[in-house]
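Right, one structure below, let's go through it.
The values are calculated or read from the model by the stated rules, or taken from the named source; none is laboratory data. Computed from a prediction, not measured in an experiment: that's the story for all the values here. So basically every Cβ, Gly included, is an ideal-geometry build from the backbone, and we count neighbours across all protein chains shown.
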Amino acid sequence: MKKNGFTLVELLGVLAILAILATVTVPIIIGVFSNAEDSAFEDNAMSLSKAADNYYSASTLDAYTKLPLLVTFNDGKETNRYINNQNKQCETSNERLLEYTGQTPDSGNIYIDRNGDVYMAIYDKSVRKCAIKNPGDKTVTFTNQSESECKLDNNPC
């Protein structure tokens, strides 16, 4: 008699092997995606820090400097408050003043004072981390602070 197909035991064996493979590989794949999100946020934070330094450097050559500058991120939208040095008035704008690559942070602030000191506290909801940089820090520090704690109190006006 010819056999046309698989027995129930053979099918159960294949399913058991697939279940074991899935149990081993799924956590590894999830870990890779998590690490990629962390790395992307770290790269974005470093890019923003460098953009703030570059903004100050460029502003020393510009007669229409907008310093001190407070860049606020709220739900991925950027708002700027600064003193317009031509008329000495506090102004607000939505134009993008910092030139950076990467994704806009979910929330937080970057403050650049007249001396070129950069303060940064930005938050990313997907990785639940806060990136902090103070004047004199060579690198950005990443903490597990909550979104409400990841803010600056600086006000240019």
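Looking at the range 75-107 only, could you name the residues that are of a type in the set (A, V, I, L, M, F, W, C) and farther than 16 Å from ALA121 by Cα? Within the range 75-107, ILE83, CYS90, LEU97 meet the criteria.
Set side by side, the residues ASP113, ASP124, ASP137 differ, and just one is of a type in the set (D, E, K, R) and within 19 Å of THR92 (Cα to Cα), which is ASP113. Inspection of the range 106-116 finds no residue satisfying the criterion of being more than 22 Å from ASP153 (Cβ to Cβ) and at pLDDT below 95. When the range 129-144 is filtered for residues that are assigned to a loop (DSSP other than H, G, I, E, B) and under 14 Å from the mean Cα position of the chain (by Cα), the ones remaining, listed by number, are VAL140, ASN144.
Hand me the list of strands (runs of 3 or more DSSP E) wholly inside the range 1-112 holding 1 or more residues that are among the acidic types (Asp, Glu), surrounded by 12 or more Cβ atoms within 10 Å (Cβ to Cβ) and without any contact (Cβ under 8 Å) to a residue 40 or more places away in the chain. Step through it out loud before you land on a result.
On the way: elements: 66-74, 77-84, 89-93, 107-112.
Ranges flagged: 77-84, 89-93.
Please enumerate the residues belonging to the range 113-126 that are crowded, with 19+ Cβ neighbours inside 10 Å and either hydroxyl-bearing (Ser, Thr, Tyr) or assigned to a loop (DSSP other than H, G, I, E, B) (or both).
Result: TYR119, TYR123.
Name the residues in the range 113-127 that are acidic (Asp, Glu) and touching a residue at least 40 places away in the same chain (Cβ under 8 Å), would you? Selection gives ASP113, ASP124.
Among the residues of the range 128-157, just one is surrounded by 12 or more Cβ atoms within 10 Å (Cβ to Cβ), free of Cβ contacts under 8 Å to residues at least 12 places away in the same chain and of a type in the set (Ser, Thr, Tyr), namely THR141. Tell me, please, whether a residue that is among the hydrophobic types (A, V, I, L, M, F, W, C) and touching a helix residue (DSSP H, G or I) at 6+ places or on another chain (Cβ under 9 Å) can be found in the range 76-98. Yes: one or more hits.
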